[in-house]
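J.: I have a structure I would like to understand better, so I am pasting it below and will then ask my questions one at a time.
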Amino acid sequence: MCGIAVEHDGENILSIKGDADNVLSKGNICAKAVGLQDIHVDPDRLKKPIKKVDGEWVEISWDDAFEEVAQQLADIQNKYGKNALATYYGRSVAHNIGALLTVHPVRRIFGTENTYTGSTVDQQPHNFVWYFMFGHQFLSTIPNLKNTDYYLMLGTNPKVSNGAQMATGAHTYKKLTAIKKRGGKVVLIDPRRTESAKYCSEHHFIKPASDALFLIGLIKTIFSEGLADAGRLKPHIKNWDKLEPSIADFKLSEIAEATGISETDIKRIAIELASANSAVCYGRTGLSMQTFGGLCNWLMMVVNIITGNMDEPGGMMFAKPAIDILEGIDDARGTYDTFRSRVSGRKEFAQELPVSILAEEIMTPGEGQVRGFFASAGNGALSMPNGKLFEEAMDQLNFMVSVDPYLNETTRHANIILPPVGHFEKSHYDMFYHTYDTINWATYHPPLFTPEAPGYTDFEIVTEVLRRFTVKRATSPLKKLRARILGSLSKLISVELILDLGLRFGPYGAKLNPFSDGLSLKKLKANPHGVFLGEPEQCLPERLFTEDKKIDIAPELIVNDLPRLKSYWFDGQHGYDETEYDMKIISRLTERTLGWMHHSKRLVRGKTACTLLMNPDDARDRGLEDAEEAMITSAAGSIQAPVEITDAMMRGVVCLPHAWGHNREGTRQRVANAHPGVSLNDITNEKVMDELTGNAVVHGVPVKVTKI
Ligand SMILES: Nc1nc2c(c(=O)[nH]1)N[C@H]1C(S)=C(S)[C@@H](COP(=O)(O)OP(=O)(O)OC[C@H]3O[C@@H](n4cnc5c(=O)[nH]c(N)nc54)[C@H](O)[C@@H]3O)O[C@H]1N2
Ligand SMILES: Nc1nc2c(c(=O)[nH]1)N[C@H]1C(S)=C(S)[C@@H](COP(=O)(O)OP(=O)(O)OC[C@H]3O[C@@H](n4cnc5c(=O)[nH]c(N)nc54)[C@H](O)[C@@H]3O)O[C@H]1N2
Ligand SMILES: [Mo]
C-alpha cells in the first residue's frame, strides 16, 4: 500500500522510489517495491494462455482457452456434482482489486462447498475470533501505535513484515522507536530474538505454542491485582462473569514453567500493561499459525478489553474505510458449521474449509470427490502444510486451471494457465487492506502501461470464464439464452464502475451529487498521492455486528477449547513423540522478498536466505558446525538446509524461512530456480491444525535435526 513513484519512458521503468507525498507512507518503501521492476520485464512472466498437451506446454488463443476451461469445469459439475469442483485463492488476491472482486461471484456461481483460500494458513483465527466476539469476521482491530504508551507484541516481526494486519506504509519499526522516545515501552515475545528486537525495550523467548498460557497468566494477574476495568465499554460486554472462572484451573507457576517466562516477568508485564495510560497487545502469524491460534487471538482481545484499551486511542482501534466492505455484503459477516468436509468432517468457517484438507478431498475416492480445480494467486505447493502431498493430489485431478502469471511449483500441475496482465498494467484500489488502515485514507492507481494485446486483468479473465461456464451449465435452451443475456449485461460492470459506486455511497461519498466534495473515483484520480480521511475514531458499540450489540468476552465455543490447551501442556496430550522429535521448527519471512517475488533478480541476489537458524548449544549437542548442511526430519518427511548458528534462537527451537524450494522440475522461472532453497512446507504436517478454527499449524512443528 506504500505510495511509489515510478519513473518511466512510456515503455520501460527507469526507477521506482518512495512517493514522498503519499498520505500514508510519506516516501517510505521496502525492497519489494523496487523489485517490481524486475517482475515487469521478466521474460518468464507469462503473457499468453498455455495448455499442457502430452506433457508439453503450448500457447493457445484466449478464446480457445476460455472455451476449454469453461467446458471442462462445467463437465465436471454436470457429471459429478457441484462439490467435485474446488476453488482456491492465495495471497496475491489480497492486494489485487480485480482478483478480489471475483471471489464472491466465483463462490456464488460455482456454488461448491470445496472453497479454500490461503486464509487458513494465515489469519483466519483472527477472523474467527472477531466473528464470535464482535459479530463480523472483518471487524478488524488495529493497534493504534501512534498514540500508545505500551506495546506488547507476540509472534510478529514488523521490521521484516511491516506489521501484517495494519496498513502501515512501511518502516513500522520507526513507530516502535517513537513509542520508546516518548517514554513508552515495547515488549516482544518470540522464540527468536528477531530483527525487530532491537527496536523494543525488552524481548522474552517463549516456547512455541505456549502463548495462550502466557496470555492467561497476564489476565489472571490483571484480575488478581484488581486492575481489570473495561472502562467505557463495560455496559456493552456480556459474559464478563464467565471469564475468570474459565481460566481458574491454570496456575501461574505452571504457566511460567511451560512458557519459559518467569512468574515475576509475567506479573510485571501484566501490571505495567494494565497501568499504562494506554496499551495495546497484538500478535500475528506466530500466534495464528500455531496449535492454539483461536485461543491466542481470543485471549489477546480479552487483554485489550479488560485493560480498557479496546476502541481507545493508543489501544486497539478500527478503520473506517472509504468503501466499507463490512456494510456491503451481508453474508460476508461469517458463518460457522453450516456444512462439514466430506472426508474428515471439518467444519466450515465463512463458507470455507481449511486448506489443509484439500489434498485429502482430492485423493479420497467416493461421491463428492474433488476432480476439478480452479486455482488463483497462490503457490500452494510451497505455502500449504505438506505441500508435497498437495502436489501429488493435484496430479490426480481430471482438470485444473490456474489464473497466474507464472509457471511455478503449483501451476505446473495445471492443464491450462491463464495469465493476467502485469502489476503495472492494471488499476488498483486496495479494497481489502483499507479495513486494516492505521489512518483512514484512500488512493487509486490507474494502469501505467498498456499490456501486450489483448491482455486481460484477473477480473476480466475470471468473469469471462464464469460467463461461459454459466451458459454451459444451463440445462435448457431458455436458460442458456438467459445466461447469455445476463452474461452480456455483466460486461457493463467494470472494476472502475464498482469502485466509483462504492466510493460514492461509502461513508465519505459524494453520492450522485455532482457538486459534492465527497469521494468518487474522479476525486481519487485527481489526488494521486491519496486522500486523507482522518485518524481512527471510536466506533463501539455502534459498529458491533452482534444481534444484541454487545461484545461477547467469553464465547462458549472458544472457552470450550481451553481443556485442549491444558491437556496439551500439562497432561502430555500433544500427539507426538518427544523422544523422537526433540525440537520445534518455526518459520520466518525473507526480509527483502516474498514468495512470487523470488523472480526478481535484485531481491534474491547475495547469499542464500534459506538457512536453518539454531542455538549454539543445540548445534554443539548435535556436532553441527556453522554452514554445515543438516537433516531436518518431521513426521511428514525430511529436508536439508545449511545451519546458521546464532544465540538469537531459543534452545530447542530452529527456524527456516518459507516459500523457498524452487527445485522442482517443469517450471519456467529461471531467477527463482537459480536461488532454490528448500521448502519448509515439505515437512509441515497437514493433519495437525488448530482444532478450534481449522487453521494450519506451520509454527512449532516437532522435528529432529541431525548431522548428515
Ligand atoms: N518481507 C516480507 N514481508 C512480508 C511478507 C513476506 O513474505 N516478506 N509476507 C506478508 C504476509 S502475507 C504476512 S501474513 C505478514 C506476516 O507478518 P508477521 O506475522 O509479522 O510475520 P513473521 O515475520 O512471520 O512473524 C511471525 C513471528 O512469529 C514468531 N513465532 C513463531 N512461533 C511462535 C510462537 O509459538 N509464539 C510466538 N510468540 N511467536 C512465534 C516467529 O519467530 C516470527 O518472528 O507479513 C507480510 N509481509
Ligand atoms: N511454513 C510456512 N508456511 C506459510 C507461512 C509461513 O510463515 N510459514 N505463511 C503463510 C502465509 S501468511 C501466506 S500469506 C502464504 C503465502 O503463500 P501463497 O499465497 O502461496 O503466496 P506466494 O508464494 O507469494 O504465491 C503467490 C502466487 O500468486 C501469483 N501471482 C502474483 N501476482 C499475481 C497476480 O497479479 N494475479 C494472480 N492471479 N496471481 C498472481 C504468483 O505467481 C504465485 O503463484 O503462505 C503461508 N504458508
Ligand atoms: Mo499472509
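J.: Quick check for me: using +1 on Lys/Arg Cβ and -1 on Asp/Glu Cβ, what's the dipole size of the chain about its Cα centre, in debye to the nearest 20? Spell out each step's value before the answer.
T.: Working: 79 positive and 88 negative charges, 284 e Å.
With only Lys, Arg, Asp and Glu charged at Cβ, the dipole is about 1360 debye.
J.: Given a cut-off of 19 Å, name the pairs among K426/K525; K220/K566; K48/K601; K17/K601; K220/K251; K52/K82 whose C-alpha atoms lie farther apart than that in the structure shown. Present the calculation step by step, with values, prior to reporting the outcome.
T.: Values: K426/K525 14 Å; K220/K566 15 Å; K48/K601 23 Å; K17/K601 17 Å; K220/K251 9 Å; K52/K82 25 Å.
Correct reply: K48/K601; K52/K82.
J.: Here is a further query. What does the C-alpha gyration tensor say about the overall shape of the chain? Classify as rounded when a/c is under 1.5, otherwise prolate if a/b is larger than b/c, or oblate. Before the final figure, lay out each step's value.
T.: On the way: a/c = 1.44, a/b = 1.23, b/c = 1.17.
Verdict is rounded for the chain.
J.: Give me the Debye-computed log₁₀ of I(q)/I(0) at q = 0.16, 0.18 Å⁻¹ for segment 567-707, equal point scatterers on Cα only, no solvent, two decimals.
T.: Evaluating at q = 0.16, 0.18 Å⁻¹ gives log10 I(q)/I(0) of -0.88, -1.07.
J.: Looking at this model, which pairs from K32/K175; K238/K347; K26/K198; K180/K607; K174/K320 are more than 29 angstrom apart at the alpha-carbon? Write out the running numbers ahead of the final one.
T.: Numbers: K32/K175 20 Å; K238/K347 26 Å; K26/K198 24 Å; K180/K607 34 Å; K174/K320 24 Å.
Violating the 29 Å limit, Cα to Cα: K180/K607.
J.: Provide, in order from the shortest bin, the percent of all Cα-Cα pairs of segment 383-522 in each 5 Å bin, continuing until the bin that contains the maximum pair distance.
T.: For segment 383-522, the pair-distance distribution reads 2, 8, 12, 13, 14, 15, 15, 11, 6, 3, 1, 0.
J.: What is the Å³ per residue value for the convex hull set by the Cα atoms of segment 52-171?
T.: 190
J.: Still on this model: Label point 7 Å out from D330 along Cα-to-Cβ: which residues of segment 337-365 have amide N under 20 Å?
T.: Inside the label zone: 337-339, 350-352.
J.: With each label point set 7 Å from Cα along the Cα-Cβ vector, what nm distance links E629 and L512?
T.: Each label point is offset 7 Å from its Cα along the Cβ direction, giving 6.9 nm.
J.: Further question on the same structure: Using the per-residue mean of other Cβ atoms lying within 10 Å as a proxy for protection, in what order, highest first, do the peptides 414-425, 494-505 fall?
T.: Numbers: 414-425: 22.1, 494-505: 18.4.
Result, highest mean first: 414-425, 494-505.
J.: A further question follows. Given R₀ = 25 Å, what would the calculated FRET efficiency be for R482 paired with E367, taking r from the Cβ atoms and rounding to 0.05? Working shown, then result.
T.: Working: r = 30 Å, r/R0 = 1.19.
Using R0 = 25 Å, I get an efficiency of 0.25.
J.: Something else: Between D647 and L497, what is the label-to-label distance in nm when each label sits 7 Å out along the Cα-to-Cβ direction?
T.: For D647 paired with L497, the spin-label model returns 6.5 nm.
J.: If we sort 196-209, 155-168 on the protection proxy, mean other Cβ atoms within 10 Å, highest first, what's the order? If you can, show how the numbers build up before the last one.
T.: Details: 196-209: 20.1, 155-168: 23.9.
Descending mean neighbour count gives 155-168, 196-209.
J.: Something else now. At each listed q (0.15, 0.22, 0.24 Å⁻¹), what is the log10 of I(q)/I(0) that the Debye formula gives for segment 390-471 modelled as equal alpha-carbon point scatterers?
T.: -0.76, -1.07, -1.12
J.: While we're looking at this one, here's another question. Give the separation of the Cα centroids, segment 440-474 to segment 345-403, in Å.
T.: Centre-to-centre (Cα) distance: 24 Å.
J.: Could you compute the FRET efficiency for V58 and F532, with r as their C-beta to C-beta distance and R0 at 60 Å, rounded to 0.05? Write down the numbers at each step before the final one.
T.: On the way: r = 50 Å, r/R0 = 0.84.
Here the calculated transfer efficiency is 0.75.
J.: Which percent, nearest 5, of DSSP beta bridges in the chain are antiparallel? Mind dumping the intermediate values first?
T.: Values: 37 of 78 bridges.
Antiparallel bridges: around 45 percent, rounded to the nearest 5.
Each reported figure results from applying straightforward, stated rules to the coordinates on display, with no laboratory input. Because the structure is a prediction, the values reported are computed rather than measured. Neighbour counts are summed over all protein chains in view; Cβ atoms, including those assigned to glycine, are modelled from backbone coordinates with ideal geometry.
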